[in-house]
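Asks: Below: one structure in structure tokens.
The values are calculated or read from the model by the stated rules, or taken from the named source; none is laboratory data. Predicted model, so just to flag it, every value in this text is computed and none were measured. As a convention, Cβ positions derive from the backbone with ideal geometry for all residues, glycine included, and neighbour counts pool all protein chains shown. Heads up: the accessible areas ignore ligands, DNA and RNA and are worked out on the full protein's heavy atoms, side chains in. Shrake-Rupley method; radii C 1.70, N 1.55, O 1.52, S 1.80 Å.
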Amino acid sequence: MWVKAVDLALAKMKSAGVSFDRIVAISGTGQQHGSVYWREGARVALRSLQPDRALHDQLKDSFSIPDSPIWMDSSTTAYCRRLEQALGGAEKLADVTGCCAQERLTGNQIAKIFHTMPEEYARTERISLVSSFAASLFLGDYAAIDYSDGSGMNLLDIWTRSWSPDCLQACAPGLEERIGLPVASYSALGAVSSYMVDRYGFSADCKVIAFTGDNPASLAGLRLDRGELVLSLGTSDTVFTWLDHPRPNADGVNVWVNPLDVDAFLGLLVWKNGSLAREKVRNACSGGSWDTFISQLQSTPPGNGGNMGFYFYEREITPSIVGVHRFDSQDEPVHRLKS
């Protein structure tokens with residue numbers, strides 16, 4: 001589906017008269033933590049794409065696992081505990097990778113794949129993040145994972161900017177060769193493939209710059225400076241900032257390599273129950289209408305009379321909790337708040 005989406009986007013741009021030959025460089029971003037599993041022989045397929053056929057038609061048999069794990073998967077708790085144990089505890093793991101083991105992070109997803117789908121893992125030639133997967137389609141070869149997006153895997157030593165041997169060994173055998181060497185987020189990976197040149201008219205000199213994750217790209221796109229803090233309300237809600245001297249811990253804070261400066265860092269807090277949780281509350285209380293929801297909100301005094309509700313439809317990341325929890329003005333738990 002992702003490959004076909006790239007086909008459709010490029011085809012529509014070409015039909016709209018986009019002058020691809022004027023593009024000097026291309027980069028991009030992908031939802032963090034998701035992983036793509038290229039099967040044996042996929043590199044040959046990428047390198048020999050024929051310009052008279054769509055990408056999805058030529059790459060449809062290039063994946064050892066058809067459905068990519070994504071950040072909302074919470075099924076890897078057992079593998080998180082194994083990783084922490086292998087590193088000497090949650091704090092030790094955070095000291096190396098910038099955070100404790102978390103279910104959505106890619107290393108734990110890979111560990112689950114290895115243990116539950118060993119044959120598919122054995123047939124896997126390369127594992128990409130969503131960002132490096134997308135870059136590979138333009139490069140016509142496997143694109144490197146960048147430091148910043150790679151930090152969100154529980155595998156990268158954020159201080160040396162190299163894969164941690166202990167983390168790799170704890171997750172799956174032969175993992176380093178499957179994920180390749182990481183690079184700085186602003187690295188030029190090479191020129192676009194001849195496929196992109198011949199099919200869409202890209203210049204043969206157009207460079208592919210490493211793609212990165214959505215959160216690091218937000219820091220870069222907003223030109224965030226030291227001392228500034230960003231609150232992002234999306235599918236997940238995040239708060240992030242630029243850090244120079246972080247002190248990672250196991251309390252749910254994520255510390256990743258900064259996409260703009262490899263000697264600096266990005267500090268991030270993530271809440272899984274973001275817009276999807278708000279939509280569920282809207283549907284239950286406001287008839288599915290944002291206008292009604294906003295009107296109800298505006299007619300309610302600030303503080304809601306001391307009544308509070310916490311809506312964790314999916315197991316939350318920080319704190320690790322699930323369920324709907326409501327409290328009245330006396331801090332007593334209640335099943336329903338009075339209107």
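Asks: Select from the range 4-32 the residues that are more than 21 Å from residue 209 (Cβ to Cβ) and not hydroxyl-bearing (Ser, Thr, Tyr) and list them in ascending order. Spell out the reasoning first.
Replies: Narrowing the range 4-32 to residues more than 21 Å from residue 209 (Cβ to Cβ): 4, 7-8, 11-12, 14-17.
4, 7, 8, 11, 12, 14, 16, 17 - these are the residues of the range 4-32 that are more than 21 Å from residue 209 (Cβ to Cβ) and not hydroxyl-bearing (Ser, Thr, Tyr).
Asks: Whether any residue in the range 313-336 is outside any loop (DSSP other than H, G, I, E, B), open to solvent by less than 30 Å² (accessible area, probe 1.4 Å), at pLDDT 90 or above and more than 24 Å from residue 97 (Cα to Cα) is what I want to check.
Replies: Yes, the range 313-336 contains at least one residue that is outside any loop (DSSP other than H, G, I, E, B), open to solvent by less than 30 Å² (accessible area, probe 1.4 Å), at pLDDT 90 or above and more than 24 Å from residue 97 (Cα to Cα).
Asks: Next question. Is it fair to say residue 265 is modelled with pLDDT of 95 or more, of a type in the set (Phe, Trp, Tyr) and over 30 Å from residue 18 (Cα atoms)?
Replies: Yes; evaluated as a whole, the condition is true for this residue.
Asks: Across the range 197-234, which residue is surrounded by the most Cβ atoms within 10 Å (Cβ to Cβ) among those that are among the hydroxyl-bearing types (Ser, Thr, Tyr) and closer than 26 Å to residue 142 by Cα?
Replies: Within the range 197-234, the match that is surrounded by the most Cβ atoms within 10 Å (Cβ to Cβ) is 212.
Asks: Just name the residue that is farthest from the chain's Cα centre (by Cα) out of those in the range 109-124 that are charged (D, E, K, R) and either assigned to a helix (DSSP H, G or I) or on the phi > 0 side of the Ramachandran plot (or both).
Replies: The qualifying residue farthest from the chain's Cα centre (by Cα) is 119.
Asks: Select from the range 101-116 the residues that are polar (S, T, N, Q) and surrounded by fewer than 22 Cβ atoms within 10 Å (Cβ to Cβ) and list them in ascending order.
Replies: 116
Asks: Given the condition loosely packed, with under 14 Cβ neighbours inside 10 Å and touching a Ser or Thr at 6+ places or on another chain (Cβ under 9 Å), answer yes or no: does some residue in the range 3-20 qualify?
Replies: No, because not a single residue in the range 3-20 is loosely packed, with under 14 Cβ neighbours inside 10 Å and touching a Ser or Thr at 6+ places or on another chain (Cβ under 9 Å).
Asks: Go through (1) closer than 30 Å to residue 246 by Cβ; (2) open to solvent by 20 Å² or more (accessible area, probe 1.4 Å); (3) touching a Ser or Thr at 6+ places or on another chain (Cβ under 8 Å); (4) among the β-branched types (Val, Ile, Thr) and name the single condition residue 24 misses.
Replies: (1) is the only condition that residue 24 fails.
Asks: Okay, moving on. Filter the range 135-160 down to the residues that are among the small types (Gly, Ala, Ser) and surrounded by fewer than 24 Cβ atoms within 10 Å (Cβ to Cβ), then identify the one that is nearest to residue 1 (Cα to Cα).
Replies: This residue is 140.
Asks: From the list 132, 193, 128, exactly one residue is open to solvent by less than 30 Å² (accessible area, probe 1.4 Å), small (Gly, Ala, Ser) and more than 30 Å from residue 249 (Cα to Cα). Which is it?
Replies: It is 193.
Asks: Additional query: Considering 164, 187, which residue is of a type in the set (Ser, Thr, Tyr), in contact with an Asp or Glu (Cβ under 8 Å, 6 or more places away or on another chain) and surrounded by fewer than 19 Cβ atoms within 10 Å (Cβ to Cβ)?
Replies: On the way: 164 fails: surrounded by fewer than 19 Cβ atoms within 10 Å (Cβ to Cβ).
On inspection, the qualifying residue turns out to be 187.
Here's the yes/no breakdown for (1) in contact (Cβ under 8 Å) with a residue 12 or more places away in the chain; (2) of a type in the set (A, V, I, L, M, F, W, C); (3) in a loop (DSSP other than H, G, I, E, B):
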position	(1), (2), (3)
107	yes, no, no
126	yes, no, no
177	no, no, no
196	yes, yes, no
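Asks: State all residues of the range 13-33 that are over 20 Å from residue 131 (Cα atoms), of a type in the set (A, V, I, L, M, F, W, C) and part of a loop (DSSP other than H, G, I, E, B); if no residue qualifies, say none.
Replies: Within the range 13-33, 16, 18 meet the criteria.
Asks: Tell me which of these residue 37 doesn't satisfy, since it passes every other one: (1) touching a Ser or Thr at 6+ places or on another chain (Cβ under 8 Å); (2) among the aromatic types (Phe, Trp, Tyr); (3) open to solvent by 20 Å² or more (accessible area, probe 1.4 Å).
Replies: Unmet condition: (3).
Asks: Among the numbered criteria (1) in contact with a strand residue (DSSP E or B) (Cβ under 6 Å, 6 or more places away or on another chain); (2) over 27 Å from residue 259 (Cα atoms); (3) among the aromatic types (Phe, Trp, Tyr), which one does residue 79 miss?
Replies: Of the numbered conditions (1) in contact with a strand residue (DSSP E or B) (Cβ under 6 Å, 6 or more places away or on another chain); (2) over 27 Å from residue 259 (Cα atoms); (3) among the aromatic types (Phe, Trp, Tyr), the odd one out for residue 79 is (1).
Asks: Within the range 78-100, how many residues turn out to be of a type in the set (Val, Ile, Thr) and crowded, with 22+ Cβ neighbours inside 10 Å?
Replies: Summing the residues that are of a type in the set (Val, Ile, Thr) and crowded, with 22+ Cβ neighbours inside 10 Å in the range 78-100 gives 1.
Asks: Could you tell me which residue of the range 235-280 is surrounded by the most Cβ atoms within 10 Å (Cβ to Cβ), considering only residues that are among the aromatic types (Phe, Trp, Tyr) and more than 15 Å from the chain's Cα centre (by Cα)?
Replies: Checking each candidate, the answer is 265.
Asks: A further question follows. Restricting the first residue to the range 300-318 and requiring it to be without any contact (Cβ under 8 Å) to a residue 40 or more places away in the chain, which pairs with a second residue that is open to solvent by 40 Å² or more (accessible area, probe 1.4 Å) and of a type in the set (S, T, N, Q) meet a Cβ separation below 7 Å and a spacing of at least six or different chains?
Replies: Within 7 Å, the pairs are 305/329; 306/329; 307/329.
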